[in-house]
Structures are given as structure tokens and as C-alpha cells.
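Report on the structure given below.
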Amino acid sequence: MYAKIMSASVFGIEGRLIEVEVNISSGLPQVSVVGLPDSAVRESVERVRAAIQNGGMKFPLDRITINLAPADLRKEGSAFDLAIAAGILCASGQVDNLLLENTLFIGELALNGTVRNVPGVLPMTELARRIGAAKVVVPDTAVDEASLIPGIEVFGVSSLSQWIRGTSAEESAETPPGEIPGFKDERVRRFGRSVSGTKAEGTKEAEVDLSDVVGQEQGKRALIIAASGMHNLLYVGPPGTGKTMLCRRLPTILPELGDEEALAVTKIMSVSGKLDRSYNGLVRARPFRTPHHSISAAGLIGGGSIPKPGEATLAHHGILFLDEMPEFSRVCLEALRQPLEDRAVTIGRARGVCRFPASFMLAASMNPCPCGFNGGGVTDRPCICTPTAVSRYRARMSGPLSDRIDLQVELPRQSVPTSSTKGMSSAQAREIVCDAAARQARRYARHGIQWNSQLQGPLLRKYAKLPSDAEMLLQDVYDQLGLSFRAHDRILKISRTIADLAGRESIRAEDVAEAISYRCLDQAN
């Protein structure tokens, strides 16, 4: 007998439909899995066999062929276990195949029949809605995640035995229309519901605050500008000047994710297996990723035989913080050049090409030299580095990469504070940032972008048009410092953000002058 059950896998961060075909014929007892399965998929046979037997059903002692279609796509993971078990039970006549039509199954089986969660439930549920499936069956621990996708019925099951109950011919005849057999248990049925909209989850109360940073008013100003336009930011200064403190307070002044952004971020976290199960809503806080400098290029931008998202993608719509940036390997830093420009990571493999979203704000810090005290104004701690060592240290970050960093801010050593007066708090700074972000959202509503940092080509010339005095100033600085066209355009974008913070639609010469002051690496060359 033959049965076909719908399941899904994740390719990149999107769900892909996988049809699980099961054929049972007479012959020596044997189970064959075809369709480019990996080790986890091939081993599913033993998990399914034990789960069916421990669920009180019979595993057929015949020749069983399981095909995962499309056959030319590599399959990995354990998300097909529940679909394979359903296919075997349907093909052997123990469950009516008609009752499971238009239903997508996702879940891993334990030997005792327990249904375990798998990564990527959210994009796979989104796929089910996209292909027109009416229902999706998931582990009960993933019901809240799957329910974030509106317009599809989500049913949670904790074990195969619960699903098996009610699938006999007598009980199937009594199953009300629209319900799935096996959901007779009241604790399980309560999860089956039609979702009409997404849920919202508030961000946790911040443990840090911008007011914790003493002094460094220029650094705080640059932080607000970077957050207002999602500009890349680099702090340069000796140890203990507050570079890391300022960067770690970026999340506290950024606006929450919008609905589309939150869904995209939640999908990425679901695929990566990093979604917090403690709440049942979309992720609203912007990601803040802080990889260690020993990370590999594949860990930073993604990779693998079947490509998986890296830190750049996990920071999508958020912040990628590289503390002590020159300590990262040259390969890793240069790998960031394309994502910073294209806001996406494209990884090609023999079996296909994956494109991961990577629209993040790069926040970084670095010392001016290996010892950290070059030009820091520290009289009792003079720099002990040779000019060659300083040049070699700064050369770890190439010109093309530094060109892509909008704000390059030098933080001097601060004197001992003499007053206990606190500066601007994160809540106050966040209000300023949200006002500037709202202004940008209204301006670019018809252009498919959200931030000033996304301006390019005609849009940049239209919305960052300079008056004559500001244009002459920028032209003089361009010639004196030998700036690149990219650095020229990034100064325009920063000027546009500074004008937005001032509540003006037109850019003034002082806005351009302030933007130029945030290019310390260009001025040092």
C-alpha cells in the first residue's frame, strides 16, 4: 500500500516542502530511506519503529520504502520522524489516510513515542500556510511558536500514542469535521486553534543604562546618531575610556522591532534553535550579538555543507558588536565587507546557493595600538609600541572595511569625575532616537527602506541634497583627506541623520561639519 504525508525542512531560513512517500510491499522485512537523507534521517527508522511499537501499534514486517521528495534535495535533521510514522501507519491501514490530507507534520520521535521539538518550526509553519495546508501538527512545546503564523490551525501533540488514540475506524467516524484524530485528550486539544494575528512580547527591563557612562559626551552623541540611522560605529581609544560600555548600551536606546522585522528575527532564531520558549510571542528586542575574536569566518557569516546562519544573520535588524576589532582574524573581518554593503550573505555550495539576510548595525571598538596608550593623553602610561608595531596593528583593519564604517569616533581618557550628576538616561536617548526613526519611516514609506543608512543612488541625491556652503565644505574635505566616494556618501547619510535629530528636513553646513568630525581614521591617514 502507498501513503503520502506532507512534512518540511529548512533551507537557509525558509521552509521547504518535503513529501514523505511510504510504500509497503510483500517481501523480506526491510526499510529503505531514499531521497538524499543524512545520518539523522536514516536513523529515524529505528526511532519510528520503537515509537510505533511502544504506542501500541504494529510495525509492518514487510518491505518498506520511504522516499523523501524532491529526491535531489539533501535532507537533514529529525523533523521528518512524525511524518514517517504517520505514513507507515497510513500505508499499513492502521490509520485512514483521508483523515490526514492537507496536514503538515513536524516533529522528532523518542523511542517511547514522545514527540520532541525541532529547530525551524516557525518557517515550516509559514510554509504550510503558503502552500495552502489547512493544519499543521507540531510538538506541544512548539505550539506557541507555530501559532505566531496567522490563518492556519495548529495542533500540538506530546506523544505518538496520543495521536494514535482515536484513529480506529469507529473513533474516526465520530471525529467532528475539521479535527484531527488523536486529539481526544483535552490537554492536547486546547492547543488546536485558528490564529488570526501575531502576538507581541515586550522587551525585558534593561540591566544597563546610558547614564552609567561618565563623561564622553561626544561618544554618547555618536551613539545616538548611530542608533537613529542604524549607522555602523567604531570607537577608538585607550583602555578604560568606555568604548565597550557605550556599545553595550546601544540596545537600550534602539526602538523595538516592527511586526515584519520581529517575524524575520524570530524565524532566524527558530532556525538556529535559539528561540526562547519561556514566552509565546514574537521577539521584539533587537538582537545584540557579541562573538569572541576567536570565531571562524563560517561562524561569523555562516557556512557548512548545508549552510547555516552565522552571527551576521543572527544580528539581522540588530547589532553585531566586535569588541577589540583588530584581534579578529583578517579573514573574518574581510568576510564582513560584502554583508555590510549588500545587507545579505550569499553562500554557494555544490548543491545550491543560500542567501541569508544580514541587515545589521556594526558596532566595534579598538585600541589605537597594541599596548593601547598611543596618543591617549596618558602621561603616566606612555606608549611602548614601535611605529612598525602600530602600523601593523592598524593595518589589520583594511581601508575598504574602515570605509564602510560610518562613524569613527576617538574617545580620549577621562578625568576623575567630580560630580555625581548623571547624564542622559537610556530612556531619554531612546525617545530622541524613536522620534528620528519615525521621521525616516514617514519619509521613506514609499521606497521600501526604513533608515538613512539604506539610502543609495537617486534616493541619496534626493533626500541628502546639500546647500552650496555645505557642498563646498564637503568638497574641500574630500580633496584634503583623499576620501573615497563611499566615505563621501556615508558623510551625506550621517548628515541626513543629524538633520533628522534636529527636526529639520534640510541639511545645513554644521550638520556636514559634525559628520566629518566622526571620520577619525580618515583624518589619521
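The values are calculated or read from the model by the stated rules, or taken from the named source; none is laboratory data. Computed from a predicted model, the values in this text were never measured in an experiment. Using ideal geometry, Cβ is built from the backbone for each residue, glycine included, and neighbour counts are taken over all protein chains shown.
Of all positions in region 256-276, at least one carries a residue that is out of contact with any helix residue (DSSP H, G or I) (no Cβ under 9 Å at 6 or more places or on another chain) and more than 21 Å from ILE449 (Cα to Cα). Test VAL41 against the stated conditions and say whether it is loosely packed, with under 15 Cβ neighbours inside 10 Å and not basic (Lys, Arg). Judged against the criteria, VAL41 is not a match. Within region 388-398, the residues that satisfy the criterion of being part of a helix (DSSP H, G or I) and without any contact (Cβ under 8 Å) to a residue 60 or more places away in the chain are THR388, ALA389, VAL390, SER391, ARG392.
Within region 280-316, the set of residues being closer than 19 Å to GLU76 by Cα and touching a strand residue (DSSP E or B) at 6+ places or on another chain (Cβ under 8 Å) comprises GLY302, GLY303, SER305, ILE306, PRO307, PRO309, GLY310.
So that you can scan it fast, the table gives a plain yes or no per residue for (1) among the hydroxyl-bearing types (Ser, Thr, Tyr); (2) surrounded by 24 or more Cβ atoms within 10 Å (Cβ to Cβ); (3) closer than 27 Å to ASN54 by Cα:
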site	(1), (2), (3)
LEU89	no, yes, yes
THR103	yes, no, yes
GLY107	no, yes, yes
LYS135	no, no, yes
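Of all positions in region 339-360, at least one carries a residue that is at pLDDT below 90, outside any loop (DSSP other than H, G, I, E, B) and crowded, with 19+ Cβ neighbours inside 10 Å. SER270 passes every criterion in (1) of a type in the set (Ser, Thr, Tyr); (2) in contact with a Phe, Trp or Tyr (Cβ under 8 Å, 6 or more places away or on another chain); (3) surrounded by 22 or more Cβ atoms within 10 Å (Cβ to Cβ) apart from (2).
Looking at region 35-130, the helices (runs of 4 or more DSSP H) lying wholly inside it that each contain 1 or more residues that are touching a strand residue (DSSP E or B) at 6+ places or on another chain (Cβ under 9 Å) and more than 21 Å from ASP144 (Cβ to Cβ) sit at 39-42, 44-54, 81-91. Exactly one residue among VAL157, VAL188, VAL195 is farther than 30 Å from GLU514 by Cα, at pLDDT 90 or above and aliphatic (A, V, I, L, M), and that residue is VAL157.
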